[in-house]
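Visitor: Just passing along the structure, written as structure tokens.
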Amino acid sequence: MSTSTAASPRNSVSTHILDTSIGRPAQGVAIQLSARPGRDARWQPLGGSATDADGRCKDLPALPEGTTHVRLDFAVEAYFEKKQADAQQDAPASRDSGAVFFPEVAITFAVEPGEHYHVPLLLNPFGYSVYRGS
């Protein structure tokens, strides 16, 4: 005899990155997803992915039941280094040292059971902004 129970609603997370310095999606940015079941709990790495040609990352793992906090770690340094190398082929040397000001962007947010969270990152070499999208 089998018993069935209704599955509890799962949280999910998606993101995309727009490079506002060029008005285009940021392709190839590695993203790591972590979660924890309470403010004082340890972060549990869940896996990651990278942004596609449209700057989207649609295949992040589902969040474990009981998740209350989520962290997205965006490894933007390699993206900006590649972009800078490509630009140097076409332009004279810039006044910047070449160092990436924000090599990583970590976004932490609270979640409620059963909700989907889309967290866009608006990025440029000297700043960033995030918001809860739809």
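Read-outs throughout are calculated quantities, based only on the coordinates presented, and are distinct from any laboratory measurement. Since we're looking at a predicted model, the values are computed, not measured.
Visitor: Starting at the first residue of the range 123-134, write each ³J(HN,Hα) from the Karplus equation 6.51 cos²θ - 1.76 cosθ + 1.60 with θ = phi - 60°, in whole Hz, x for Gly and Pro.
Guide: Karplus-based 3J(HN,Hα) across the range 123-134 equals 10, 8, x, 10, x, 7, 9, 9, 7, 7, x, 10 Hz.
Visitor: While we're looking at this one, here's another question. Calculate I(q)/I(0) for the range 14-130 by the Debye formula, one identical point scatterer on each C-alpha and no solvent, and give its log10 at q = 0.11, 0.12, 0.21 Å⁻¹ to two decimals.
Guide: One equal scatterer on each Cα of the range 14-130 leads to -0.40, -0.47, -1.14.
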